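No value in this document is a laboratory result; all are computed from the given coordinates. Just so we're clear, the structure is a prediction, and the values are computed from it rather than from any experiment. Methodologically, a virtual Cβ is constructed for each residue, glycine included, from the backbone with ideal geometry; neighbour enumeration extends over all protein chains shown.
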Ligand SMILES: Cc1cc2nc3c(=O)[nH]c(=O)nc-3n(C[C@H](O)[C@H](O)[C@H](O)COP(=O)(O)OP(=O)(O)OC[C@H]3O[C@@H](n4cnc5c(N)ncnc54)[C@H](O)[C@@H]3O)c2cc1C
Ligand code: SF4
């Protein structure tokens, strides 16, 4: 049986609200949680195979040029070393999200310092690493562009990424209040806890890869295309993924290198990136330079917005950080300019890092909005409310559902925004308060799942969807349990196997809605089948704790299934509701910071986020996503910065000692509240994405609070002490 | 990691005899192992000293003798240290993380290498790692780097917090060399300025083993350790100030100051202290002290902020220790 839905019409039946199991939306523990906390969940590098060898990648040490040869013989003589490999199939960089084909390949052209150009395979990881460190590369240096900010760099302005509406220049001239500023954000790395790794083995022409990936449907094709084999012959397994944040959307160089070596040597080969390689080989978020122009009338209502963003990228990569993504729809203004500029550099590939676009674009916009609030003297919450549009102004589309005003009011009330004191101090610490809006585009991708109701009343859910630490195992279990009235302990969810029905994968905050909807569709069909057996309408059927109830008559599910399992493949695919409506999630952030008046050190004291993301599927995992997003926001505002040496483009701080993600002491008590919302245009569950919303704009609240505390406006992130010091009073 | 021989020493004589050119002692390993994995250090032999009887803290001559293998956690928690040398306890607790401090030892902490990014990357020229290759940090990324005591061959900073407090406390390093001779070197003479030989960081000879650090009897006055860093924990100092000030009837009768994060070694400048002693605290006096300290500062582009930062932190620390009279 099949059940397929193309989302062409809104679904406002809110069917999940009629269900009886009481499992969905609760803070149910993750079913796989015990495996993870006891160290028994097998992450990519842990599925050791008999006779497995270890490979370590070798980095190029020039920014541009050619690799003319490698001194393989010397290394192959080293104890434990089996093979040195390089060649035209090595990946220059990971595949971009949903690329579905191989990225640029080949060892002989070098494009950045850190490019993995060779592999040393040995009996042990240690021997392989020593071999890799000892391998001499014969390289000829070419001319590199190491510094995206150098004077006179060539700038691309792709036509498709420019848009104009009305007359912004005139609007700026006529405006009662304007903001005209440049904001800059540095590069970021997602630094997931689990390094990118893969174990490959071949059975004839069948390749099995145990890897750490977010989107198996695409990853299979990327592997196949890279190796020049039929996708049918690739079996990808990623049952547990130790964090991705976009860095595992596409396959990374380890996977292809492992497959090549396993083929060559005829045994399983594992390749794991070292932490330094995760920084150098895997996607960085591009640094951005963003020029904002805001033109407001005397009431603070925007008449115009200009947003020009410059990002950097390797040659021949199509991805450009979509910095301006939220600008067209967030605030009013009939005169608009949005422009994207791309500089080609010889640096680590730029790609998706949690919430590409809004993470940095909205952060800059929300700092600019704070500057407008200061200029107009209007409370920043009120200013934002005055600027909420009825339709998406830059796209001329209606909104599917819009809860920004509610999120602003809710956040302000919970935080106690109205009670904040101007000029408060705590010893040496200057106290300040700041807020910002949150917004992130919402979407689904085509997704399939198989749901099996067994004769013994147990349920099996199967899809190639991944759980990257987000809670997919939990929410799919809950959706099916709720729809079919089956308790959690009778449900098994299997994920992360490319032989299972193809899902959208985890990424762009679409995983839960897409994979969840496919499970929902299958379950709805199963409900109809059960109803038919009871001769009733599906709508009149109550399923709870393994029992079907209709007209006061109770029948155990086991009696209804019969001898053969009932199997349905459900599918969802985006349709008109995605194209014709602006779907987005919204929220608000409020925070209190302390700025040390002697040193300029900033410490966050408390932070709250209120979010509207449609139906909440699991209260605990949803909250955790928001906490994690806000923590990324803290890092963006205060500490995180990829330092690139402008002389050769190499990543200077490529480890967790010097790339400063926030540690526990940097993260005070955070609170999260969800606004009730059902978005009928999103999908039949009325749920929306939540994985990225918590970071979008979060950093701006902190930057704005620093201004409130000190009068220092930081426009170049992160707000490290050196940027605040010059504005502090003498000691 | 380059293959190496491993020897577990069962006595200090065994340890010093087994060591020598190209060998390294391993204590907590929290710095050495990281550097070996990256092949920044590639000893052919490791002499494990963890079984040696160097784990005691004992009171001697009114002072304290700290075995070289006392962990940073144990030292920070020691009651005598907390009562008599609080600056040391504060400095230790401001360093690294709980896990690292459990492993890190007193001897290893003194000898931890710089965190200069280029030192850590074997593809980069670095005079400290490979003498004569050049200093890639110069004109590069230098947020972590020193502004005092540098040379045109190396601008690296010494990263330790503990050593800054020990410098303040006039600690003395007890060293046993091959053959069993033991000598004592004041910490003030233990480190060497980089000059043209930044790879030679201390007066230790290849087989020399630190067996203890001794602290003289506690000096009078209020002590504090203030560390300024880029995140609330688990980050090296941008600047740190260890200070002790003794006041009598509104006059500074004794003062000691040591600094971290800004020097090529744990930094102390007697002229700064001399300028304070015998004076009444005042903003002008503190400013003068800062002027003396920073007179020879040679900042790079990225770490120029350390000059005003050090100045402000020093003044605030002195204000705090001198009490209300300073206002
Ligand atoms: C991520 C990170 C953050 C850190 N943050 C800080 C910080 O904020 N502040 C701070 O002060 N430190 C910090 N540290 C450094 C830490 O304090 C040192 O790594 C630790 O003190 C070293 O001690 P160990 O016993 O592990 O030394 P080891 O790594 O064992 O040895 C270090 C060196 O000392 C030599 N050695 C050890 N013992 C002796 C001896 N008895 N005699 C002669 N030679 C000896 C070894 O041969 C080696 O060369 C950090 C470290 C890390 C990894
Ligand atoms: S500062 Fe010193 S350690 Fe750093 S690169 Fe230069 S010589 Fe090497």
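Comparing B:167, B:82, B:65 in a Gaussian network model of chain B where C-alpha atoms under 10 Å apart are linked, the largest mean-square fluctuation is found at B:82. If each Cα of chain B is one equal point scatterer, what is log10 of I(q)/I(0) from the Debye formula at q = 0.06, 0.07, 0.11 Å⁻¹? For chain B, the Cα-only Debye profile gives -0.20, -0.28, -0.69.
Which whole number gives the average, over all residues in B:117-125, of C-beta atoms from other chains lying within 10 Å of the residue C-beta? Provide the component values of the computation, followed by the final result.
On the way: counts 10, 3, 0, 7, 8, 2, 8, 6, 0.
Counting Cβ atoms of other protein chains within 10 Å of each residue's Cβ and averaging gives 5.
Extent of region A:411-495 along its three principal axes (Cα atoms, max minus min coordinate, largest first): 68, 28, 23 Å.
When you count the other C-beta atoms within 10 angstrom of each residue and take the mean per peptide, A:405-411, A:547-553, A:69-75 line up highest first as A:405-411, A:69-75, A:547-553.
Considering only B:291, B:248, B:208, the Gaussian network model of chain B with Cα springs below 10 Å gives its largest mean-square fluctuation to B:248.
Considering only beta bridges that DSSP places wholly inside chain A, some 75 percent are antiparallel.
Computed over region A:92-133, the convex hull of the alpha-carbon atoms projects to a mean area of 4.0 nm². Of the peptides A:108-118, B:226-236, the ranking by mean beta-carbon count within 10 Å, highest at the top, reads A:108-118, B:226-236. The calculated pair-distance distribution of chain A uses every alpha carbon pair, bins of 20 angstrom beginning at 0, and gives 17, 47, 31, 5, 0 percent. For region B:46-81, no residue has its backbone nitrogen under 12 Å from a point 7 Å from the Cα of residue B:122, taken along Cα to Cβ. Scoring A:379-385, A:648-654, A:151-157, A:395-401 by mean Cβ neighbours within 10 Å over their residues and listing the highest first yields A:648-654, A:379-385, A:395-401, A:151-157. Mean residue ellipticity, 222 nm, helices only, the protein assembly as shown: the sum of -39500 (n - 2.57) across DSSP H runs of n ≥ 4, divided by residue count and rounded to 500, is -7500 deg cm²/dmol. Simple spin-label estimate for residue A:332 and residue B:33 gives 6.2 nm between the two label positions (7 Å along the Cα-to-Cβ direction from each Cα).
Peptide A:649-655 is shielded by partner chain Cβ atoms: per residue, an average of 5 of them sit within 10 Å of its Cβ. Using a simple spin-label model with pseudo-atoms 7 Å out from Cα toward Cβ, residue A:535 and residue A:555 lie 1.0 nm apart. Exposure proxy shown here: for A:422, A:263, B:220, the number of other Cβ atoms within 10 Å sets the order, fewest to most, as A:422, B:220, A:263. For chain A, the relative contact order is 19 percent, taking Cα pairs closer than 8 Å that sit 6 or more residues apart in sequence and dividing their mean separation by the residue count. Using C-alpha pairs under 8 Å with a sequence gap of at least 6, the mean separation divided by the residue count of chain B gives a relative contact order of 17 percent.
Calculate, in whole percent, how much of the Cα-Cα pair population of region A:276-332 lies beyond 12 Å. Beyond 12 Å sits 74 percent of the P(r) for region A:276-332. In this structure, residue A:665 and residue A:37 have a Cβ-Cβ separation that, at R0 = 25 Å, corresponds to a calculated FRET efficiency of about 0.65.
Between residue A:136 and residue B:100, what is the FRET efficiency for a Förster distance of 25 Å, r being their Cβ-Cβ separation, to the nearest 0.05? It comes to 0.15.
Using a 10 Å cut-off around each Cβ of peptide A:721-730, what is the average number of partner chain Cβ atoms that fall inside?
Per residue, the average neighbour count from other chains is 3.
Just so you know, the Cα atoms of region A:1-109 work out to an Rg and Dmax of 24.9, 70 Å.
Quick one: compute the contact order of region B:222-322, relative version, from alpha carbon pairs under 8 angstrom and 6+ residues apart, as a percent.
25 percent
Taking other C-beta atoms within 10 Å as the exposure proxy, A:57, B:285 rank B:285, A:57 from fewest upward. Between B:19, B:181, B:68, find the one with the highest GNM mean-square fluctuation for chain B; connect C-alpha pairs within less than 10 Å. For chain B, modelled as a Gaussian network with Cα springs under 10 Å, the answer is B:181. Hull volume per residue, based on the alpha-carbon atoms of region B:222-322 and their convex hull, is 92 Å³.
Compute the distance from the alpha-carbon center of region A:397-465 to that of region A:322-373, in whole Å. Spelled out, the Cα-based centre of one part sits 20 Å from the other. With all projection directions averaged, the alpha carbon convex hull of region B:103-247 covers 10.6 nm².
Across region A:128-273, how large is the tail of the calculated P(r) beyond 18 Å, expressed as a percent of all Cα pairs?
In whole percent, the long-distance tail amounts to 72.
In a solvent-free Debye calculation with one equal scatterer on each Cα, what is log10 I(q)/I(0) for region A:53-124 at q = 0.14, 0.19 Å⁻¹, listed in the order of the q values? For region A:53-124 at q = 0.14, 0.19 Å⁻¹, log10 I(q)/I(0) is -0.47, -0.79.
Computing Rg and the Kirkwood Rh from the Cα coordinates of region A:485-611 gives a ratio, Rg/Rh, of 1.20. Taking 0.36 nm per residue of separation and subtracting the current Cα-Cα distance, fully stretching the chain between residue A:151 and residue A:656 would add 178.7 nm.
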